[in-house]
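Structure first, then comments.
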């Protein structure tokens, strides 16, 4: 089936561009709102000495006898903010209500901070958690945070319905979580990922080409004017494109959306409804897409 897309002129300025949110990112009359519960986590064994908050969004359609899907969002409070660029709970309300995605619990997790450190920059553990190429963060989710969620709500055992999403360092964090633990996370949304910031450089173009294909479905967003876009090193745009090219050559189920603007969550936030539809699409829609 052919999809027709209305004509829209391209902006001349590729840097100062802002995308407008669609109706799926706005609270709609007649759409029931899910509940959001806040938790604090101060007892991490994976990241000792850190504290953080996380929030659990439970849709109005939740039924414990029919365990829902799971979507984890890095930078949780930012992704949850109803006035922000992403508006995760509002998007889930709208998509679940219309049946565009399965009933899904949203887990919004903040990065850790060290409460006993005075310097505000040194207090943050975000880059240590998100940019690392190891399984600490994904194990932290699986062993510490998700068990706290399942004390209160059921979650499906079908890991084709477990997803993870993030922006910037949170994007490569989500990619790494799924890459290292595809037994847990198999649906990935990564926006303007900071692959270039990983401690030993971006490992994925080589790894993807050398490793048997993993059961992942990956939605990527990149920006023409992302950080270092015209530099020979530390080029966020080029590194995202290299990862996308490697996924294409390895025949992954992936989608790349390339837009304008700089290192801003705006475009990825506007795309979130479509990204969720795409990663959670049904087997029928998948067959039509091939």
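Please treat every number below as a calculation from the coordinates, not as lab data. Predicted, not measured: the structure shown is a model, and the values here were computed from it. Please note: Cβ atoms are built from the backbone with ideal geometry, for glycine as well, and neighbour counts cover all protein chains shown.
The stretch 213-235 and the stretch 105-129 have Cα centres spaced 24 Å apart.
Multiply the residue separation of residue 60 and residue 234 by 0.36 nm, subtract the distance between their alpha-carbon atoms, and state the gained length in nm to one decimal. Working shown, then result.
On the way: separation 174, 0.36 × 174 = 62.64 nm, distance 4.37 nm.
Between residue 60 and residue 234, full extension yields 58.3 nm more.
Each Cα pair under 8 Å and six or more residues apart adds its sequence gap; the mean of these over the residue count of the chain is a relative contact order of 18 percent. Just to be sure I understand the model, the point goes 7 Å from the Cα along the line to the Cβ. What's the resulting residue 38 to residue 282 distance in nm? Here the modelled spin labels are 3.9 nm apart. Ordering 73, 108 by the number of other Cβ atoms within 10 Å of each residue's own Cβ, fewest first, gives 108, 73. Using C-alpha pairs under 8 Å with a sequence gap of at least 6, the mean separation divided by the residue count of the stretch 114-200 gives a relative contact order of 31 percent.
Ordered by packing density, taken as the mean number of other Cβ atoms within 10 Å over each peptide's residues, highest first, how do 32-38, 171-177 rank?
On the way: 32-38: 13.6, 171-177: 27.1.
So the order, starting with the most tightly packed, is 171-177, 32-38.
Counting every other Cβ atom within 10 Å of each residue's Cβ, 100, 226 order from fewest to most as 100, 226. With Cα atoms as the point set, the stretch 81-146 shows a radius of gyration and Dmax of 15.9, 47 Å.
Need one word for the chain: rounded, prolate or oblate. Basis is the Cα gyration tensor (sqrt eigenvalues a ≥ b ≥ c); a/c below 1.5 gives rounded, then a/b vs b/c decides.
Taking the square roots of the gyration eigenvalues as a ≥ b ≥ c, the chain is rounded.
With only the Cα atoms considered, the stretch 178-260 has a convex hull volume of 88 Å³ per residue.
DSSP assigns beta bridges within the stretch 36-144; of those with both partners inside it, close to 70 percent run antiparallel.
Per DSSP H run of at least 4 residues, take -39500 (n - 2.57); add these up for the chain, divide by its residues and hand me the 222 nm value, nearest 500 deg cm²/dmol. Counting only the DSSP helices, I get -8500 deg cm²/dmol. If you take every DSSP beta bridge fully contained in the chain, what fraction is antiparallel? Give it as a percent rounded to 5. Percent antiparallel among DSSP bridges in the chain is about 35.
Shape verdict for the stretch 1-137, please, from the Cα gyration tensor: rounded (a/c under 1.5), prolate (a/b greater than b/c) or oblate. Note, shape of the stretch 1-137 comes out oblate.
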